[in-house]
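Reviewing the structure listed below.
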Amino acid sequence: MRTDTIRAAAVQIAPDLSGRAGTIERVLNAIAEAAEKGADFIVFPETFVPYYPYFSFILPPVQQGAPHLELYQEAVVVPSPETDAVAEAARKRGVIVVLGVNERDHGSLYNTQLVFDADGSLALKRRKITPTYHERMIWGQGDGAGLKVAETRVGRVGALACWEHYNPLARYALMAQHEEIHASHFPGSLVGPIFAEQIEVTMRHHALESGCFVVNATGWLTEEQIRSIHPDPKLQKGIRDGCMTCIVSPEGRHLAPPLTEGEGILIADLDMRLITKRKRMMDSVGHYARPELLHLVHDVRPAVPREAVEMAPSLQPASEPTRTHQPSEEGEHA
């Protein structure tokens, strides 16, 4: 049952680069640790299971074949024993879990966000609508069906990944569904310090504009992991720093000092009454909106490669007309 105060946790930890089994174990341990600290709502980094494809940012395409194939082998099928384990952990602890995974759907990979409700049910599965820059070599595209808010035990939860936040219409699609808690995640350990600064601006802006709480988690790589991805120190700079795990109020304020390096679990209490306090002054999809001037058209149909349809009646083969004996004109006058 929802209360006025929700305890949120944003997890900044390193994946297990050897594969999904080790990373799932880290997820389960972090869920237990956050729950012991009283968390009701837990967010993990972008495509945390098995790991974010850091190799794609620093390797030329011709050298990506082997690590890309390995990612295929370690990616997550939904549902699977891995997702079942996370669902059971959420149910056992009575918490909401937002987890980023590399999802494998037959021959394609997707950047997927999973929202598990406190009863262990999968409240939302969505795919990043446009992979960014180097990511387009790795993942397919999501569709508008995934741009929706999930009803959970703690309230209305929306989710976007990384640079989807720079698509204002994607953010507005969730705002228009009155999200109350926004789950966000970025890869972390990428691009450098400027990325952390950009993430902070983006998260605080979305909180202000939407009038909701933002819980953002970024990943972390150890120095040993960075060296294992590539031995060249010059290229290693591209997969270091850039972490900004934070929890932001609807007023755009940090509710706890952000995590910008190392591993840790950021905890903050969300006073849900602040949503009304903010929206009383500015509701971007209500009294502050002008839908007769500007409004969003959102195609919510799932994108499918094949649609089975019955043949339209106008295209059905013509049937033979029923023949009945009709007297001739001469017979009628005989």
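Projecting the Cα atoms of V76, G158, L266 onto the charge dipole of the range 5-280, computed from C-beta unit charges around the Cα centre, puts G158 farthest toward the positive end. At a Förster radius of 41 Å, what calculated FRET efficiency corresponds to the Cβ-Cβ distance of R280 and D232, to the nearest 0.05? Step by step, r from the Cβ atoms, then E = 0.15. Calculated [222 nm] ellipticity per residue, helices only, for the chain: -8000 deg cm²/dmol; basis is -39500 (n - 2.57) per DSSP H run with n ≥ 4, divided by all residues, nearest 500.
Can you give the local net charge around F116? Use residues other than it whose beta-carbon is closer than 14 angstrom to its beta-carbon, Lys and Arg +1, Asp and Glu -1. Local charge sum for F116: -1. Under a 5 Å amide H cut-off, with hydrogens placed 1.01 Å from N, E46 pairs with F186, G219 among residues at least 5 apart or on other chains.
Note on E263 and Q141: their simple-model spin labels are 3.8 nm apart, each label 7 Å out from Cα toward Cβ.
Summing +1 for each Lys or Arg and -1 for each Asp or Glu among the other residues whose beta-carbon sits under 9 angstrom from that of A21 gives -3.
Given the Cα-Cα distance of D119 and V62 and 0.36 nm per residue of separation, how much length would full extension add, in nm?
16.0 nm
The listed peptides 57-67, 175-185, ordered by packing as a protection proxy, come out as 175-185, 57-67 (highest mean of other Cβ atoms within 10 Å first).
In the chain, the longest principal axis of the Cα atoms and the axis of helix 193-210 are about 50 degrees apart.
Using only the C-alpha atoms, the convex hull of the chain corresponds to 222 Å³ per residue. Between T130 and E197, the contour length at 0.36 nm per residue exceeds the alpha carbon distance by 21.9 nm.
If R0 equals 35 Å, the separation of the Cβ atoms of H254 and E36 corresponds to a calculated FRET efficiency of about 0.90. Give the separation of the Cα centroids, the range 162-200 to the range 100-126, in Å. Each part reduced to its Cα centre gives a spacing of 18 Å. Within the shell of other residues whose beta carbon sits under 9 angstrom from the beta carbon of R156, the net charge comes to -3, with Lys and Arg scored +1 and Asp and Glu -1.
Which of T47, M282, P257 sits farthest toward the positive end of the charge dipole of the chain, with +1 on the Cβ of Lys and Arg and -1 on the Cβ of Asp and Glu? Working it through, the farthest residue towards the positive pole turns out to be P257.
Read the figures in this text as sums done on the coordinates, not as results from a lab. Just so you know, these numbers come straight off a predicted model, no measurement behind them. We place every Cβ from the backbone using ideal geometry, glycine too, and count neighbours over all the protein chains shown.
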